[in-house]
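The values are calculated or read from the model by the stated rules, or taken from the named source; none is laboratory data. A quick note: this is a predicted structure, and the numbers were derived from the prediction, not measured. Counting neighbours? That spans all protein chains shown, and the Cβs are built from the backbone with ideal geometry, glycine included. What goes into the accessible areas is simple: the full protein's heavy atoms, side chains included, and nothing from ligands, DNA or RNA. Shrake-Rupley method; radii C 1.70, N 1.55, O 1.52, S 1.80 Å.
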Amino acid sequence: QVQLVESGGGLVQAGGSLRLACAASGRTFSYYHMGWFRQAPGKEREFVAAIRWSITSTYYADSVKGRFTISRDNAKNTVYLQMNSLKPEDTAVYYCAADQSEPNGSNWYPYYWGQGTQVTVSS
């Protein structure tokens, strides 16, 4: 079992920044690929970003490329999502996810999920 707990969400004005964190516990964190998804009201959950366990590769949705950065600290069992130049359309509940399958973007279906953290961007 892998337990994931997100933090760092909140309300921010358009153009601002937030950093989300996801703390993992349970099975060896460093063996799992990690990622972030989001779900806006009335929309399906969508892939945002992912990072391989070895930190050799990162993946991003086109909508966040150049604005969001995913990183991880295996010593702290934590993955981060730095979000800059936020837009109102980034408003959503953001979920942390983990799996050992290859995190190949929107075709990734991770097994473990956090409970989500709300991000609201005002215009």
Out of curiosity, is Glu44 within 16 Å of Trp113 (Cα to Cα) and open to solvent by 80 Å² or more (accessible area, probe 1.4 Å)?
yes
Of the candidates Trp113, Trp36, Trp53, the one satisfying the condition of being at pLDDT below 95, aromatic (Phe, Trp, Tyr) and out of contact with any Gly (no Cβ under 6 Å at 6 or more places or on another chain) is Trp53
Residues of segment 93-104 being open to solvent by 10 Å² or more (accessible area, probe 1.4 Å) and not hydroxyl-bearing (Ser, Thr, Tyr), in sequence order, are Val93, Asp99, Gln100, Glu102, Asn104
Exercise. Can Ala50 be described as open to solvent by 30 Å² or more (accessible area, probe 1.4 Å) and among the aliphatic types (A, V, I, L, M)?
Worked result: no
Quiz prompt | Test: Ser123 is loosely packed, with under 14 Cβ neighbours inside 10 Å and of a type in the set (S, T, N, Q) | solution = yes
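Matching residues to (1) under 13 Å from Gly114 (Cβ atoms); (2) open to solvent by 20 Å² or more (accessible area, probe 1.4 Å); (3) polar (S, T, N, Q):
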position: Leu4; (1), (2), (3): yes, no, no
position: Gly10; (1), (2), (3): no, yes, no
position: Ala14; (1), (2), (3): no, yes, no
position: Leu18; (1), (2), (3): no, yes, no
position: Tyr59; (1), (2), (3): no, yes, no
position: Asp62; (1), (2), (3): no, yes, no
position: Thr69; (1), (2), (3): no, yes, yes
position: Gln82; (1), (2), (3): no, yes, yes
position: Thr91; (1), (2), (3): no, yes, yes
